[in-house]
1. Between LEU238, LEU299, LEU44, find the one with the highest GNM mean-square fluctuation for the chain; connect C-alpha pairs within less than 10 Å.
2. Report, in degrees rounded to the nearest 10, the 0 to 90 angle that the Cα long axis of helix 274-290 makes with the longest principal axis of the chain.
3. So, R0 is 25 Å and r is the distance between the beta-carbons of ALA94 and ARG33; what FRET efficiency does that work out to, to 0.05?
4. Simple spin-label model, 7 Å along Cα-to-Cβ: SER84 to GLU132 in nm?
5. If each residue of separation counts as 0.36 nm, what is the full-extension length gain between ALA276 and ASP229 once their alpha-carbon separation is subtracted?
6. Under the rule a/c < 1.5 gives rounded, and otherwise a/b versus b/c splits prolate from oblate, where does region 80-121 land using the Cα gyration tensor?
7. I need the calculated FRET efficiency for the pair GLU269 and ALA176, taking r as the beta carbon distance and R₀ as 35 Å, to the nearest 0.05.
8. Which FRET efficiency value, to the nearest 0.05, is calculated for ASP50 and ASP239 with the Förster distance at 45 angstrom and r the Cβ-Cβ distance?
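Nothing in this text is a laboratory measurement; each read-out follows from the coordinates by a stated rule. If you're wondering where the values come from, they're calculated on a predicted model, not measured in any experiment. For neighbour counting, all protein chains shown are included, and Cβ atoms are generated from backbone atoms with ideal geometry for every residue, glycine included.
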Amino acid sequence: MRAIDDAPLDVACQLGIIGPGLDPALLERALPRLAEAGFRRVVLPRIAPDHPVDVTRIRGLLADSGLAPIGMAGQTPDADVGSSDADARRRGLALLRHALETTERLGGDQLNGVPYGPYGKADQPPGPGAFERAASAAGTVADEAHERGITMTFEVLNRYETAMVNTAAQAVEFIAASGSRHLRIHLDAFHMSIEEPGIPAAIRTALPHLAYVELGQSGRGALGDGVIDMEATIAAVLDEGYDGRWGIEAFTRSLLPAPVADRLAIWREPYADGLALAEDAQRVIRNGWAHSSAGRRALREQRAADAREGAAAGLSVR
């Protein structure tokens, strides 16, 4: 079964699975285990300008573990690139640029997040022109990111968290409105299971612009514990031709800052041990890959190679 154990997928772990913030003690404990489990990257929480962190130390801890960082962008009600208020737009653009600069300082080459506006408990549609304003700003920063060797993505969220971009088709429209050739799409199985008629169709729609596929289960817990058949989903995404980066995401209330848990409506404790969840997620991912066309082909080739080695060993004994 070596082919299954060596699934060649580039997978990131959202650090919010493990615990809140960027506490160095937490990172020292968690990063080596994530690397040993097979992760190549970690997604960092959003770093606000008024809550600076020790970038040098965090970058060193990441380098020591062999993991690369993915930054996170976001907006607030008074710093929103889609706002009709010019000052709010200016502050929103500054937040995006701060996220870009921090990602660069940490040594990352990817910036994820929700750059088009605040999220959580959406209760009204975007105002006139908000979509276009947000897209233009995101496109501007995506182009600046590209010049620094960083890919900027935006996550498509469900209707309860945002009214701006809910589907892969809307995400493609957002890119067209941005005017950028470098802005990329981030799709999440959790959100797709709410908004899309089917995950493979959503992947197909976004594929020319797709740079990140995140695996989040229906109950926000372990990948193998929910209504989404995650192994089948992984295989289907691969069979649609996606060959980019992956991520895993889960949330439990006790490991999140209370304001974040409230905004995401995380009221329960789907799991207690984030590192154990992350390690088990790699098992689910390997199995999903093994059921894809590429995985099945690799397994056949491995079995054939093993048979040839066995035959050669038998002849040498004789």
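1. Of the options given, LEU299 has the highest mean-square fluctuation.
2. Rounded to the nearest ten degrees, it is 60.
3. Details: r = 36 Å, r/R0 = 1.44.
Efficiency computed from Cβ-Cβ geometry: 0.10.
4. Inter-label distance under the simple model: 1.4 nm.
5. Gain on extension, ALA276 to ASP229, equals 14.9 nm.
6. Cα axes put region 80-121 in the oblate bin.
7. Working from the Cβ atoms, E equals 0.25.
8. 0.50
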